[in-house]
Amino acid sequence: MLTCIRKCFDLIAEHKCERYELADIKSENDDSGNVFDMLCRGESLGVFQVESRAQMNMLPRLKPRTFYDLVIEVAIVRPGPIQGNMVHPYLKRRKMKPEDIEYPYPKGGNENELKDG
């Protein structure tokens, strides 16, 4: 899919002389709120990348409001993160204030290594 998006950007550049990158995609149109509301309800049947049962189950718990939230949602609903028990801790920490998060560190190690890194 990323290749398809890149090719679309290349076509826009070729035909319109305007260069875009993924970071240029904004959710500023009038419909974006409605789209995110739909996704928060888990109503994503037929929406590429978020139409599986696992994705549809995760959406109401994650409550995505930005493009980056969707990037995380697609990345975390994969066998590796699920088998590594990363989903529930992520959802729990997402609701926390940044100062409430405790970062793991090895005994005798730098307790701020992950936080500062």
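Structural remarks
- Residue among K63, K92, K97 that alone is among the basic types (K, R) and touching a Cys at 6+ places or on another chain (Cβ under 6 Å): K63
- Some residue of the stretch 97-111 being of a type in the set (A, V, I, L, M, F, W, C) and open to solvent by 60 Å² or more (accessible area, probe 1.4 Å): no
Residues are listed down the side, and each one gets a yes or a no for (1) in contact with a helix residue (DSSP H, G or I) (Cβ under 9 Å, 6 or more places away or on another chain); (2) within 30 Å of Y103 (Cα to Cα); (3) loosely packed, with under 12 Cβ neighbours inside 10 Å; (4) at pLDDT below 90:
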position: K7; (1), (2), (3), (4): no, no, yes, no
position: C17; (1), (2), (3), (4): no, no, yes, no
position: D30; (1), (2), (3), (4): no, no, yes, yes
position: C40; (1), (2), (3), (4): yes, yes, no, no
position: L45; (1), (2), (3), (4): yes, no, yes, no
position: M56; (1), (2), (3), (4): no, yes, no, no
position: A75; (1), (2), (3), (4): yes, yes, yes, no
position: N85; (1), (2), (3), (4): no, yes, yes, yes
position: R93; (1), (2), (3), (4): yes, yes, no, yes
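- The set of residues from the stretch 58-73 being open to solvent by 50 Å² or more (accessible area, probe 1.4 Å), touching a residue at least 24 places away in the same chain (Cβ under 8 Å) and under 18 Å from K95 (Cβ atoms) comprises R61, R65, T66.
The values are calculated or read from the model by the stated rules, or taken from the named source; none is laboratory data. Values in this document were obtained by computation on a predicted structure and should not be read as measured data. Every residue, glycine among them, receives a Cβ derived from its backbone with ideal geometry; neighbour counts consider all protein chains shown. Areas reflect the complete protein model, heavy atoms only, side chains present, ligands, DNA and RNA absent. Shrake-Rupley method; radii C 1.70, N 1.55, O 1.52, S 1.80 Å.
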